[in-house]
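The values are calculated or read from the model by the stated rules, or taken from the named source; none is laboratory data. The model shown is predicted, which means the values in this text are computed figures rather than measured ones. For neighbour counting, all protein chains shown are included, and Cβ atoms are generated from backbone atoms with ideal geometry for every residue, glycine included.
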Amino acid sequence: MLLIISGPSGSGKGTVTKRLHPGEGYALSISMTTREKRPGEIHGVDYVFCTKDEFREVRDADGLLEHATFSGNYYGTPASYVNQQIRQGYTVVLEIDVVGALQVKAKRPDAVLIFLMPPTFSELRHRLETRGTEDEDEIDRRFRRATDEVAELPKYDYLVINDDIDNAVRDINLIVTAEKLKPGRSDEKISHFHDNYNGA
Ligand code: 5GP
């Protein structure tokens, strides 16, 4: 299953997705980006950091499931890792912006789209200011972008309010459990049922 988590910068997406562990069936996709590495970020863990030329090369070779420009930088999801992990039965988590999320939904209608929101806009502003990773101009740009992103909320399957990390993670696990129980995702179980019935 493909699980997409979007939400305004400062909504806590990074913190929430890091709590979705492989032991519970999740695989986190690692995006490519041309933005500068922030202090503490690790190449190959948080992102694959690359130049614009390197990014274009992968994109032009059809190596990206989706891509978007955010605050002047390119971001994209390498397709090979996603396909490989899905084949192995993982729920692959993409933490991507709204533009990219809608590209994936168009290609893979069975992808599940979750929008993560902070409780209020003033809380969002506060989080952006206190995390101290962006300057004032960048905070303003991200805050304006947040308003545009929230307008796309009706195109998402679920809304999770991140007023408490534990609650947000619990809600996401509940969504995944419910999605996995949809009949359309259970072809294998249904054919198993028919085999048993025919053999009875
Ligand atoms: P940041 O610079 O704060 O790490 O990310 C900026 C925005 O880009 C966030 O909304 C994040 O979810 C989004 N983003 C990160 N990786 C990707 C990606 O591979 N594709 C798209 N479309 N957006 C991404």
Only one residue in Asp110, Asp62, Asp53 is more than 13 Å from the ligand (Cβ to nearest atom), farther than 27 Å from Asp148 by Cα and in a loop (DSSP other than H, G, I, E, B), so which one is that? Asp62
Only one residue in Gly72, Gly76, Gly10 is within 11 Å of the ligand (Cβ to nearest atom) and exposed (fewer than 14 other Cβ atoms within 10 Å of the Cβ). Which one? Gly72
Kindly establish whether Arg38 is part of a loop (DSSP other than H, G, I, E, B), more than 15 Å from the ligand (Cβ to nearest atom) and either in contact with a Ser or Thr (Cβ under 6 Å, 6 or more places away or on another chain) or closer than 23 Å to Thr91 by Cβ (or both). no
Looking at this structure, is Arg59 surrounded by fewer than 18 Cβ atoms within 10 Å (Cβ to Cβ) and at pLDDT 95 or above? yes
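Residues checked against (1) of a type in the set (Ser, Thr, Tyr); (2) within 20 Å of Glu95 (Cβ to Cβ); (3) at pLDDT 90 or above:
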{"site": "Arg131", "(1), (2), (3)": "no, yes, no"}
{"site": "Glu149", "(1), (2), (3)": "no, yes, yes"}
{"site": "Asn167", "(1), (2), (3)": "no, yes, yes"}
{"site": "Arg170", "(1), (2), (3)": "no, yes, yes"}
{"site": "Asn173", "(1), (2), (3)": "no, yes, yes"}
{"site": "Lys189", "(1), (2), (3)": "no, no, no"}
Check on Glu123, in a helix (DSSP H, G or I), among the acidic types (Asp, Glu), closer than 18 Å to Val16 by Cβ and touching a helix residue (DSSP H, G or I) at 6+ places or on another chain (Cβ under 8 Å): no
Filter result (more than 20 Å from Val82 (Cβ to Cβ) and in contact (Cβ under 8 Å) with a residue 12 or more places away in the chain) within region 40-55: Thr51, Lys52
Search result, residues across region 13-35 that are assigned to a helix (DSSP H, G or I), more than 13 Å from the ligand (Cβ to nearest atom) and in contact (Cβ under 8 Å) with a residue 60 or more places away in the chain: Pro22, Glu24
Regarding Val92, is this residue within 13 Å of the ligand (Cβ to nearest atom), in contact (Cβ under 8 Å) with a residue 60 or more places away in the chain, over 13 Å from Ser6 (Cβ atoms) and assigned to a strand (DSSP E or B)? yes
Options Pro119, Pro109, Pro154; residue that is loosely packed, with under 13 Cβ neighbours inside 10 Å and farther than 23 Å from Met1 by Cα: Pro119
So, in region 119-147, exactly how many residues are within 13 Å of the ligand (Cβ to nearest atom) and either aliphatic (A, V, I, L, M) or within 14 Å of Ser11 (Cβ to Cβ) (or both)? 9
Do the conditions hold for Pro78, that is, is it of a type outside the set (A, V, I, L, M), over 9 Å from the mean Cα position of the chain (by Cα) and under 10 Å from Ser29 (Cα atoms)? yes
Going through region 18-41 one residue at a time, which ones are modelled with pLDDT under 95 and in contact with an Asp or Glu (Cβ under 9 Å, 6 or more places away or on another chain)? Arg38, Gly40
